[in-house]
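Peer 1: Let me begin by handing over the structure; questions about it come next.
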Amino acid sequence: MPAYTLSIWLVYSDLNSIAIIITVAVFLFSISGLLLKDLKDISGDRKAGLKTLGVVFPPSMLIKYSCFFMVMYYLAILNPITLNFLGTGILVMTFPFIYFLDNTFIHLYKKNWNFDSGDLKALKGIGNSIFISNIFIGLSSFL
């Protein structure tokens with residue numbers, strides 16, 4: 001995904017610092033999603049003998065690192081260089097960032113990344129944050 005993002009950028013513009021920042025942000029976003037992708041298929045992957053991330057590593061570790069990559073994604077989007085180039089409209093991304101921090105990251109951090117059945121809302125917060133951030137990053141171009 002990052003290579004695709006950079007190649008599309010290079011069709012329309014020259015390589016510059018904002019291209020690198022956006023490519024890094026897409027990379028961080030992609031890695032975060034990649035870590036979560038295999039969680040739903042752990043039992044099937046074990047039965048099939050596959051060595052996916054969900055089988056090799058504990059789910060709590062994958063969620064923890066996915067959350068850290070999401071924080072780095074938001075920080076890559078909301079930095080002074082990006083704000084200078086894309087304008088203040090990109091600040092709308094603070095809303096999904098705050099939502100993610102409040103509903104997922106801080107909640108799980110306080111629990112030392114140990115999960116129980118009451119953490120379903122926190123885990124859904126990751127998906128909601130991803131969905132909201134995709135919509136808001138598109139909206140930011142109109143602001």
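Peer 1: Give the residue that is nearest to the chain's Cα centre (by Cα), with candidates limited to residues of segment 111-136 that are closer than 17 Å to Phe69 by Cα and among the β-branched types (Val, Ile, Thr).
Peer 2: It comes out as Ile130.
Peer 1: While we're here: Please state which one of Phe95, Phe85, Phe68, Phe105 is of a type outside the set (Lys, Arg) and over 28 Å from Asp38 (Cα atoms).
Peer 2: Answer to the selection: Phe85.
Peer 1: Out of Thr94, Thr104, Thr82, which single residue is surrounded by fewer than 17 Cβ atoms within 10 Å (Cβ to Cβ) and assigned to a helix (DSSP H, G or I)?
Peer 2: Thr94
Peer 1: Does Leu62 satisfy being surrounded by fewer than 18 Cβ atoms within 10 Å (Cβ to Cβ), over 11 Å from the mean Cα position of the chain (by Cα) and of a type outside the set (Lys, Arg)?
Peer 2: Answer is no for this residue.
Peer 1: Please specify each residue of segment 43-64 satisfying the condition of being of a type in the set (Gly, Ala, Ser) and outside any helix (DSSP H, G or I).
Peer 2: Correct list: Gly49 only.
Peer 1: Also, quick follow-up: Would you confirm whether any residue within segment 38-52 is surrounded by 13 or more Cβ atoms within 10 Å (Cβ to Cβ), within 20 Å of Ser133 (Cβ to Cβ), in contact (Cβ under 8 Å) with a residue 12 or more places away in the chain and β-branched (Val, Ile, Thr)?
Peer 2: Within segment 38-52 (the criterion being surrounded by 13 or more Cβ atoms within 10 Å (Cβ to Cβ), within 20 Å of Ser133 (Cβ to Cβ), in contact (Cβ under 8 Å) with a residue 12 or more places away in the chain and β-branched (Val, Ile, Thr)), the answer is no, since none of the residues qualifies.
Peer 1: Could you run through segment 4-42 and say how many residues are over 30 Å from Pro58 (Cβ atoms) and part of a helix (DSSP H, G or I)?
Peer 2: Number satisfying all stated conditions: 16.
Peer 1: While we're here: Restricted to segment 1-34, and to residues that are more than 17 Å from Ile81 (Cβ to Cβ) and touching a Ser or Thr at 6+ places or on another chain (Cβ under 6 Å), which residue is surrounded by the fewest Cβ atoms within 10 Å (Cβ to Cβ)?
Peer 2: Step by step, filter segment 1-34, then rank; the result is Met1.
Peer 1: Which pairs have Cβ atoms under 7 Å, sit 6 or more apart or on different chains, and link a residue in segment 111-124 that is on the phi > 0 side of the Ramachandran plot to one that is of a type in the set (D, E, K, R)?
Peer 2: Qualifying pairs under 7 Å: Trp113/Lys64.
Peer 1: Can you say whether Ile81 is over 23 Å from Ala122 (Cα atoms), at pLDDT below 85 and of a type in the set (A, V, I, L, M, F, W, C), as far as the supplied structure shows?
Peer 2: It is true that Ile81 is over 23 Å from Ala122 (Cα atoms), at pLDDT below 85 and of a type in the set (A, V, I, L, M, F, W, C).
Peer 1: Right, something else. Within segment 114-136, identify whether any single residue is under 30 Å from Asp14 (Cβ atoms), of a type outside the set (Gly, Ala, Ser) and outside any helix (DSSP H, G or I), and answer yes or no.
Peer 2: No, the conditions are met nowhere in segment 114-136.
The values are calculated or read from the model by the stated rules, or taken from the named source; none is laboratory data. Everything numeric here is computed off the predicted structure, so don't read it as measured data. We place every Cβ from the backbone using ideal geometry, glycine too, and count neighbours over all the protein chains shown.
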